[in-house]
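S.K.: Below: one structure in structure tokens.
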Amino acid sequence: MRHGISGYNLQRRVQGHCDDSTLSDQGRETARLVGLALQGLPLDAVYSSPLQRARETADIILKTVGQPELLQTTDLLKEINLVQWEGMAFDEVERQFPEDYLAWRDRPHQLKMQMLRPDGSSVEYYPVLALFDQAREFWKMVLPQSEGKTILVVAHSGINRALISTAVGLSPERYHSIYQTNCGISVLNFAAALGDPVQIESMNVTAPINLPLPKLPEKMNGPRLLLVRHGETQWNREKRFQGQIDVPLNEQGRVQAEKAEFFLREIRIDRAVSSPMARPKETAEIILRSHPHVTLELDERLVEIAHGLWEGKLEEEIAAEFGAELAAWKQSPETVQMPEGENLQQVWQRAIAAWEAIVASAPSDRPSTILVVAHDAINKAILCYLAGFGPEQFWVFKQGNGAVSVIDYPKGAGTKPIIQALNITTHLGGVLDKTAAGAL
């Protein structure tokens with residue numbers, strides 16, 4: 001998680017390695033709220049940046065959960081080193097360093113700065129690239145001693161983005177494509193060491209600090225899209241592959257949809273699009289009870305992946321008949337052609353075409369919010385596309401039943417999106433995703 005809001009955050013000043021900035025009263029209160037949200041979650045280790053805004057956040061959380069003795073600090077969690085800008089207001093940086101600021105905004109991996117050596121000479125370095133190296137070193141230090149454990153990391157916006165990116169393979173060019181709100185919580189599930197499979201269970205969840213969704217970016221001109229997975233079905237519960245068989249919501253799925261409705265009740269929604277299949281359509285209709293002015297649109301391109309001969313079968317039944325294909329589906333899904341069904345390239349093509357059409361049709365002169373309700377595979381394809389991934393990274397993003405993800409286009413359709421939050425399930429109970437881990 002990121003530290004609570006600081007004095008420099010409120011003043012919109014560059015912090016970086018600078019340690020002059022301290023938590024505000026608001027920052028201390030949100031840290032306390034995070035501590036309350038984490039009570040009951042067993043923590044095996046806690047690592048914090050030594051910079052005081054992060055360390056105080058960690059101290060407050062650990063006092064709230066009653067485990068202050070767990071705290072360890074490491075310089076590997078310090079914020080990005082923007083030495084020439086630190087302490088300056090962002091608009092002042094933009095005026096004094098216009099070319100560098102444009103590089104920071106549009107090509108962060110190419111931003112160069114001068115750093116002084118101890119002997120007084122200077123050396124040219126790349127802050128974002130250095131931060132990614134720092135993040136990799138943290139994972140290499142922590143992961144070998146953390147197998148089977150739950151660890152809490154309290155750091156900063158930039159290093160947190162680098163930690164998430166290096167864990168899942170996002171390049172430094174994508175540094176600004178994900179966001180970290182003050183006291184936003186992200187959950188990563190590691191299979192083993194750095195370089196082995198990693199799942200983003202959730203990212204930048206802010207509901208525990210009484211902020212249902214991350215705030216809109218300043219000067220927002222484009223659309224915000226709320227990407228929702230349908231509620232649970234009985235086949236999800238049974239881990240039975242459903243694909244394009246039109247299985248309806250079960251009672252738990254309707255409850256999840258109702259909780260999503262309540263969660264989004266105060267959020268303005270201007271438009272809604274759903275897969276025409278029963279489970280997402282009913283989920284969308286329940287959410288829209290609180291937005292009766294919105295007419296639900298249906299898009300055939302958003303239907304779930306066609307599993308072909310796997311549909312209607314349990315995993316053990318598929319393993320008996322299609323063992324090699326099922327093993328490949330779990331390890332390298334981009335290589336699998338579903339028998340009498342689809343492959344991921346086909347799913348990618350239609351899901352992304354639908355997404356791009358929805359984004360392109362949004363107003364270009366004002367903000368708008370669009371609800372999109374679809375399926376596990378469809379949502380994963382869209383999120384991979386937004387992150388710059390291909391089908392080989394299909395399993396990176398978790399999509400729980402009834403979960404909400406938030407994607408913003410601050411500068412309008414046709415520009416780079418920001419993934420603000422992923423797989424929010426706090427409205428269904430707790431920080432961790434407890435929805436059924438069923439088949440697609």
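The values are calculated or read from the model by the stated rules, or taken from the named source; none is laboratory data. From a predicted model like this one, the values you see are computed outputs, not experimental measurements. Positions of Cβ are backbone-derived with ideal geometry, glycine not excepted, and every protein chain shown enters the neighbour counts.
S.K.: Output the qualifying pairs, or none if there are none: Cβ atoms under 6 angstrom, residues six or more apart or on different chains, first residue in the range 259-274 and closer than 16 Å to THR426 by Cα, second residue buried (at least 21 other Cβ atoms within 10 Å of the Cβ) and not aliphatic (A, V, I, L, M).
M.R.: Close Cβ pairs satisfying both conditions: ALA260/GLY402.
S.K.: Right, next: Name the helices (runs of 4 or more DSSP H) wholly inside the range 1-120 in which the number of residues that are touching a Pro at 6+ places or on another chain (Cβ under 8 Å), within 24 Å of LEU422 (Cβ to Cβ) and modelled with pLDDT under 95 is 2 or more.
M.R.: Result: empty, no element qualifies.
S.K.: I'd like to verify a number: residues in the range 48-80 that are exposed (fewer than 15 other Cβ atoms within 10 Å of the Cβ) and within 13 Å of HIS3 (Cβ to Cβ), how many?
M.R.: Result for the range 48-80: 1.
S.K.: Within the set of pairs 6 or more residues apart or between chains, which connect a residue that is at pLDDT 90 or above inside the range 423-440 to a residue that is of a type in the set (Phe, Trp, Tyr) and not in a loop (DSSP other than H, G, I, E, B) with Cβ atoms less than 9 Å apart?
M.R.: ASN423/PHE397; ILE424/PHE263; THR426/PHE263; HIS427/PHE262; HIS427/PHE263; LEU428/PHE263
S.K.: In this structure, does ALA155 turn out to be over 24 Å from GLN15 (Cβ atoms), in contact (Cβ under 8 Å) with a residue 60 or more places away in the chain and touching a His at 6+ places or on another chain (Cβ under 8 Å)?
M.R.: Working: over 24 Å from GLN15 (Cβ atoms): no; in contact (Cβ under 8 Å) with a residue 60 or more places away in the chain: yes; touching a His at 6+ places or on another chain (Cβ under 8 Å): yes.
No: the conditions fail for ALA155.
S.K.: Can you pull out every residue in the range 1-47 that is surrounded by fewer than 16 Cβ atoms within 10 Å (Cβ to Cβ) and under 23 Å from ILE200 (Cα atoms)?
M.R.: Once the filter is applied, which keeps residues that are surrounded by fewer than 16 Cβ atoms within 10 Å (Cβ to Cβ) and under 23 Å from ILE200 (Cα atoms), the range 1-47 yields LEU36, GLN39, GLY40, LEU41, PRO42, LEU43, ASP44, ALA45.
Yes or no, residue by residue, for (1) in the same structural domain as ALA374 (by TED's automatic domain parsing); (2) touching a strand residue (DSSP E or B) at 6+ places or on another chain (Cβ under 6 Å):
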site: PRO391; (1), (2): yes, no
site: TRP395; (1), (2): yes, no
site: LYS398; (1), (2): yes, yes
site: SER405; (1), (2): yes, yes
site: PRO410; (1), (2): yes, no
site: GLY414; (1), (2): yes, no
site: GLN420; (1), (2): yes, yes
site: ILE424; (1), (2): yes, yes
site: LYS434; (1), (2): no, no
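S.K.: Let me ask another. Kindly list the number of the only condition in (1) surrounded by 14 or more Cβ atoms within 10 Å (Cβ to Cβ); (2) more than 22 Å from ASN204 (Cα to Cα); (3) in contact with an Asp or Glu (Cβ under 6 Å, 6 or more places away or on another chain) that fails for LYS112.
M.R.: (1)
S.K.: Sticking with this structure for a sec: Does the range 88-98 hold any residues that are without any contact (Cβ under 8 Å) to a residue 24 or more places away in the chain and either surrounded by 14 or more Cβ atoms within 10 Å (Cβ to Cβ) or within 28 Å of the chain's Cα centre (by Cα) (or both), and which are they?
M.R.: Residues satisfying the conditions are GLU92, GLU94, PHE97.
S.K.: Among the residues in the range 8-17, are any among the hydrophobic types (A, V, I, L, M, F, W, C), under 29 Å from LYS149 (Cβ atoms) and in contact with a Gly (Cβ under 8 Å, 6 or more places away or on another chain)?
M.R.: no
S.K.: Of the numbered conditions (1) aromatic (Phe, Trp, Tyr); (2) within 19 Å of PRO172 (Cα to Cα); (3) in contact (Cβ under 8 Å) with a residue 24 or more places away in the chain, TRP85 fails exactly one; give the number of that condition.
M.R.: Among (1) aromatic (Phe, Trp, Tyr); (2) within 19 Å of PRO172 (Cα to Cα); (3) in contact (Cβ under 8 Å) with a residue 24 or more places away in the chain, TRP85 violates only (2).
S.K.: Then there is this: Consider THR335 carefully, then state whether it is hydroxyl-bearing (Ser, Thr, Tyr) and surrounded by 14 or more Cβ atoms within 10 Å (Cβ to Cβ). Can you show your working first?
M.R.: On the way: hydroxyl-bearing (Ser, Thr, Tyr): yes; surrounded by 14 or more Cβ atoms within 10 Å (Cβ to Cβ): no.
Considered against the rule, which asks whether it is hydroxyl-bearing (Ser, Thr, Tyr) and surrounded by 14 or more Cβ atoms within 10 Å (Cβ to Cβ), THR335 comes out as no.
S.K.: So which of LEU143, LEU116 ends up being touching a Phe, Trp or Tyr at 6+ places or on another chain (Cβ under 9 Å) and on the phi < 0 side of the Ramachandran plot?
M.R.: LEU143
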